[in-house]
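Quick notes on the structure that follows.
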Amino acid sequence: MFRRNRHREVPSLNTSSTADISFMLLIFFLVTSSMDAGKGLKRQLPPPPQEQEQVADILDSDIMTVTLAADGALALNGEPTDLQQLQREVTQFAAVNPKHRVVAIKTSPEATYDAYFQLQNAIMAAYRPLKCQPRISDVVEHHEEKGGKRL
């Protein structure tokens, strides 16, 4: 006898718990994986300018000006220098009275970030033995009344 080939149905799989399992795996991997926090500079930025900001009068002798040119060349008070010499000079400058000394940084917009960060690291390393934070200014205005500069 001939058997008729009946159209056989393929048994279906029960997939009702597939979504639950995938969410459980997702949660498991999110909880157990480590997310590296972005590494950055440990610098405390100055507070935003206030409407009635106090202006401090600082003498010219208490300001050290560091200039970073577009090509990465450093100048300390107008004289060419390198990072090691800059670090020694800043240490000597700040050792007298670190809380009242200001390091003014003038940077060319074309200077690289790497050169700027190396400059900041050299200044921070110069202040490290003094156990205090440097006072860094990027804006220096002339103040003729007392013969000093206004920050």
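The values are calculated or read from the model by the stated rules, or taken from the named source; none is laboratory data. All values derive from a computational prediction rather than experimental measurement. With ideal geometry, Cβ positions are generated from the backbone for all residues, glycine too; neighbour counts draw on all protein chains shown. For accessibility, only protein heavy atoms count, side chains too; no ligands or nucleic acids. Shrake-Rupley method; radii C 1.70, N 1.55, O 1.52, S 1.80 Å.
Numerical summary
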| read-out | value |
| --- | --- |
| Residue match in segment 19-41 (condition: modelled with pLDDT under 85, open to solvent by 90 Å² or more (accessible area, probe 1.4 Å) and hydroxyl-bearing (S, T, Y)) | yes |
| Unmet criterion (only one of (1) at pLDDT 75 or above; (2) under 39 Å from the mean Cα position of the chain (by Cα); (3) open to solvent by less than 100 Å² (accessible area, probe 1.4 Å)) for A56 | (1) |
| Segment 99-151, residues that are open to solvent by less than 30 Å² (accessible area, probe 1.4 Å) and at pLDDT below 60 | S137, H143, G148 |
| Filtered residue count, segment 62-94, keeping only those that are acidic (D, E) and assigned to a helix (DSSP H, G or I) | 2 |
| Residue pairs meeting the criteria (Cβ under 7 Å; at least 6 apart or on separate chains; first of a type in the set (A, V, I, L, M, F, W, C), in segment 46-67; second at pLDDT below 70) | V55/R150; A56/L151; I58/G148; I58/K149; I58/L151; L59/G148; I63/V140; I63/K149 |
| Answer residue from segment 74-115, given it is basic (K, R) and in contact with a strand residue (DSSP E or B) (Cβ under 8 Å, 6 or more places away or on another chain) and is nearest to A126 (Cα to Cα) among those | R101 |
| Selection status of V96, surrounded by 13 or more Cβ atoms within 10 Å (Cβ to Cβ) and modelled with pLDDT under 85 | no |
| Those residues of segment 84-93 which are open to solvent by 30 Å² or more (accessible area, probe 1.4 Å) and either in contact with a Leu (Cβ under 7 Å, 6 or more places away or on another chain) or touching a residue at least 40 places away in the same chain (Cβ under 8 Å) (or both), in sequence order | E89 |
| Within segment 95-119, tally of residues that are farther than 13 Å from T65 by Cα and assigned to a helix (DSSP H, G or I) | 8 |
| Some residue of segment 42-50 being out of contact with any Phe, Trp or Tyr (no Cβ under 8 Å at 6 or more places or on another chain) and at pLDDT 70 or above | yes |
